[in-house]
Each structure stands twice: as structure tokens, then as C-alpha cells.
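A quick write-up on the structure given underneath.
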Amino acid sequence: MACSADPVLGPIVERHRYHNTTLHFGDGWSDCDLIPDWLSQLVSENPRILNYVRVLDIQVQFDRTRKQEQVIKKQLDDFANTLLMFPLLECIMLTTPKNRIWHWPDVFRAALKDRLNLPTVKDVQFEGNQEFPFSLIGNCKNIENLILMGSFEDAEEVDSTPLQLKSLALSHHSSPELVNLHIKQLQSLKCAESAVDDLSELLEVCFETLNKLDIDLTYSSCEAHVSFDSRRCYN
């Protein structure tokens, strides 16, 4: 942060400063996070920054008022055009509140679907209590590592196209449609025993390739030890 204020060092450290970018919508953001309007203006004035962002962490936080929820959804839709401009994303993380179900607005969701299909995107994480749109990743053969931390539901029909996941981590209960994703190439699985309706059915799908299995049998959240084995994302 200090080096970026220097006219000589600024351009040198940009690629490191923006490699992991956390973008906040709503309450609770810190000085290290970015707000969407500021980031959109920043990349408009300095388009080279778009190439530096590899890990994009989008966090939504708000209270229970419906008015604030609508404001945030409009901000997300407005940010959609900027989201489409990032060409080299490797990891996308989406965090929403845990105290109520969250539905992504249509315009943002369309942009998100486009970015999830980038060949560079290998790692994806969904956290919170949200409508998890399985249809968004149903055809994303580029995604190798998926983390689901929270409660998810999907009102859409699940795409039957097989995913090419290598690593899957589940915390809390996830939609039973997950089994229907045909994760036949899975090599690593981390989950709580209570995170799936039928663990044996899930294991039957990937038993030929699975070589790493971590199961929490205590009915407690396994958030503390669920993480990607990837330096691109986080430890």
C-alpha cells in the first residue's frame, strides 16, 4: 500500500497489490477492501490493472431491510460490465449473509456465468446462505476445485454435463443435486458427514479416482480445515 503511493514504485507493485482483490457490497468493509464504484473507476483509468486481478473475492453483507437488499442488487448489476472486463481470473469467491437466503440479480448473474467459463478459472468458492445456481457451473469444464461453505438451494434443473472437478469441499448441508453433477474425476473430497444426504452415493460416483478423503463425523462445521491446496487462492 505504501509503495503504491510512490510514482516510481506504484506501477511495479500493482500486480501484487491487486492479485487478490476483495470487493465489498453493503456493510462491514475494511480499508483493505474495495467498493465497486471505486474499482470500476480505477480500472477505467488504469486498464492494465484488469490483467493483474487473479483472485476476485466478492462479499455481500447487509442487515435485514429489503430496501438495502435492493440497493446492493442494483450495485451488483451495475458492476456486471466491469466484471466482464477481467480477462485472467483464476479464482472466484462469492460470500453472502448466513441469516437469510440470497438470490443473485439477473444482470450480475449473466456476467458471473460468463467469467466462470473463463479457461483460466480453476477455483470457485460459494459461502453463505444463497441460491446456488448449479446451472452456472454445469458446463464449466475448466473448474477443478470447488468449495461450498453454507446452505444452498437451486430452483433450476441441474445440467447433466459432467464436471471435471479434481477437488471438492463441503461444509454444512448442500443441495442433494450435487450428486447428479457426475464428479467422476474427483481426486480429493473434504466434507462433514451431515453435508450430503447420502455420502455413500457421492463416493460411488468418484471411487475410481478418489485418493484423498477427509470426513468430519462430529456434525460440526469443517470450515476451519476446508481450503484449496492452491497458492493462487488462499491457505
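Throughout, read-outs are computed from the coordinates displayed, never taken from laboratory work. Every value quoted in this text rests on a predicted model; they were computed, and no experiment measured them. All Cβ positions, glycine included, derive from the backbone under ideal geometry; neighbour counts span all protein chains shown.
Test of understanding: what is the full-extension gain from E204 to V71, defined as 0.36 nm times their sequence separation minus their Cα-Cα distance?
43.5 nm
Classify the stretch 1-143 from the C-alpha gyration tensor, please: rounded if a/c falls under 1.5, else prolate or oblate depending on whether a/b exceeds b/c. Before the final figure, lay out each step's value.
Values: a/c = 2.00, a/b = 1.33, b/c = 1.50.
Judged from the Cα gyration tensor, the stretch 1-143 comes out oblate (a/c at least 1.5, b/c at or above a/b).
Given the pairs K74/K113; K184/K212; K74/K98; K122/K184; K73/K166, which are separated by over 25 angstrom at their Cα positions?
K73/K166
For the stretch 35-40, in order, what is each residue's ³J(HN,Hα) by Karplus, 6.51 cos²θ - 1.76 cosθ + 1.60 with θ = phi - 60°, in whole Hz (x at glycine and Pro)?
Computed from phi, the couplings for the stretch 35-40 are 9, x, 4, 5, 5, 4 Hz.
Only Cα pairs under 8 Å and at least 6 apart count here; give the relative contact order of the stretch 88-128 as a rounded whole percent. Before the final figure, lay out each step's value.
Values: 36 pairs, mean separation 29.8, N = 41.
RCO, the stretch 88-128: 73 percent.
Suppose R0 equals 30 Å. What FRET efficiency, 1/(1 + (r/R0)^6) with r the Cβ-Cβ distance, do I101 and N46 give to the nearest 0.05?
On the way: r = 37 Å, r/R0 = 1.24.
Approximately 0.20, to the nearest 0.05.
Note the full-extension length gain between I35 and T22 as 0.36 nm times their separation in residues minus their Cα-Cα distance, in nm to one decimal. All intermediate terms of the calculation are to be shown ahead of the outcome.
Numbers: separation 13, 0.36 × 13 = 4.68 nm, distance 0.87 nm.
Once the chain is fully extended between I35 and T22, it gains 3.8 nm.
Report ³J(HN,Hα) in whole Hz for each residue of the stretch 75-87, in order, from the Karplus equation J = 6.51 cos²θ - 1.76 cosθ + 1.60 where θ = phi - 60°; Gly and Pro get x.
In residue order, the calculated couplings are 4, 5, 5, 5, 7, 4, 4, 5, 4, 5, 8, 7, x Hz.
Before anything else, pin down the relative contact order of the stretch 19-121: Cα pairs under 8 Å, at least 6 apart, normalised by residue count, whole percent.
On the way: 147 pairs, mean separation 30.7, N = 103.
Averaging sequence separation for qualifying contacts and normalising by length gives 30 percent for the stretch 19-121.
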